[in-house]
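Just so you know, all these numbers are worked out from the coordinates, no wet-lab data involved. Quick caveat, the model's predicted, so the values are computed rather than measured. Virtual Cβ from ideal backbone geometry, glycine too; neighbours counted across all protein chains shown.
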Amino acid sequence: MPTFSKKLIKMRIVFLFFLMISTLAYSQKDPDLNMKIIAHIEDPSGGSGVWHYMRNGIEYAAYGSRTGLVIYSLENPAMPIERYKASGVNTTWREVYGYGDYIYGVTDSRSDGLIIINMKEAPAKITHKFWTTEVTANNKTDKINTCHTVFVDEKGILCLNGCSPWDGVL
C-alpha cells in the first residue's frame, strides 16, 4: 500500500508542476494581443454572434443581440452607426454570417427560422425577411426550426448546423 501512495503523490506533484509551467507560459504573452479597443457599443440585453461585412468600401458589423440582428456601419470605426435592426425572438444565441449581398442569422433556443438581411443597397436601404422551409433529412420531414450555426462555403452553399428537429447539418 505505501507504494501506491508514493505513486499517487508523485503523479500529483508532476501534474501541479505542469499546471504551474503552463500558467506561467500563458501569463507571459502579450495581454492586449496587439489590439486596441476603438469603440464600444452598449447592449444591456447582451448578445452572442458577430460578423464583418464589406459593401462598396464600407465595413459593417453584424451583431446577433438577444432581441434581433443589428447592422452597424463602420465608416468611422471610432463611431459605429446603427443602420438597421431586424427584431426577432428573445434568445441567448443568435449566430450571424455574411456572404455575397446577404447576412444570414439563426437562433438555437427559440425559432425565427433563418433571417436573411439584404445588403444590396446598403447603407441607403437594408431589408430583411425570415425564411423557413420543409426539409426531409434522416427520414424525417419537418420545418426548419432552430439552428446553432450558419455558414456559407466557397461555392455559395448555405450550411445550417445543429438544427432542430434533426440536430445535424442541413
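Per residue of region 152-163, in order, report the coupling 6.51 cos²θ - 1.76 cosθ + 1.60 (Karplus, θ = phi - 60°) as ³J(HN,Hα) in whole Hz, putting x for Gly and Pro.
For region 152-163, the Karplus-derived couplings read 10, 7, 5, 8, x, 8, 7, 10, 10, 10, x, 7 Hz, x marking Gly and Pro.
Restricting things to alpha carbons, find the Rg to Rh ratio for region 53-170 using the Kirkwood radius for Rh.
Rounded to two decimals, Rg/Rh equals 1.00.
Counting other Cβ atoms within 10 Å, which trypsin sites (Lys or Arg not before Pro) in region 72-145 have at most 14 and lie in a DSSP loop?
Arg110
Could you tell me the calculated FRET efficiency between Ile81 and Lys143, based on Cβ-Cβ distance and R0 = 30 angstrom, to the nearest 0.05?
Values: r = 36 Å, r/R0 = 1.19.
About 0.25, to the nearest 0.05.
In whole Hz and in residue order, list the ³J(HN,Hα) couplings for region 73-83 that follow from phi through the Karplus curve 6.51 cos²θ - 1.76 cosθ + 1.60, θ = phi - 60°; x for Gly and Pro.
Once θ is set to phi - 60°, the couplings for region 73-83 become 8, 10, 3, 10, x, 6, 9, x, 10, 6, 9 Hz.
Once phi is turned into θ = phi - 60°, what whole-Hz ³J(HN,Hα) does the Karplus curve with 6.51, -1.76 and 1.60 give for every residue of region 123-135, x standing for Gly and Pro?
Karplus values, whole Hz, x for Gly and Pro: x, 5, 9, 10, 10, 8, 8, 9, 9, 8, 8, 7, 10.
Counting only other residues whose beta carbon sits under 10 Å from that of Ala122, what net charge do I get with K and R as +1, D and E as -1? Mind dumping the intermediate values first?
Numbers: positive: Arg55, Arg83, Lys120, Lys125; negative: Asp101, Glu121.
Around Ala122, the charge tally is +2.
Please list, by residue number, every one of the GluC sites (Glu not before Pro) in region 78-170 that is coil in DSSP and has at most 12 other beta-carbon atoms within 10 Å.
Glu154
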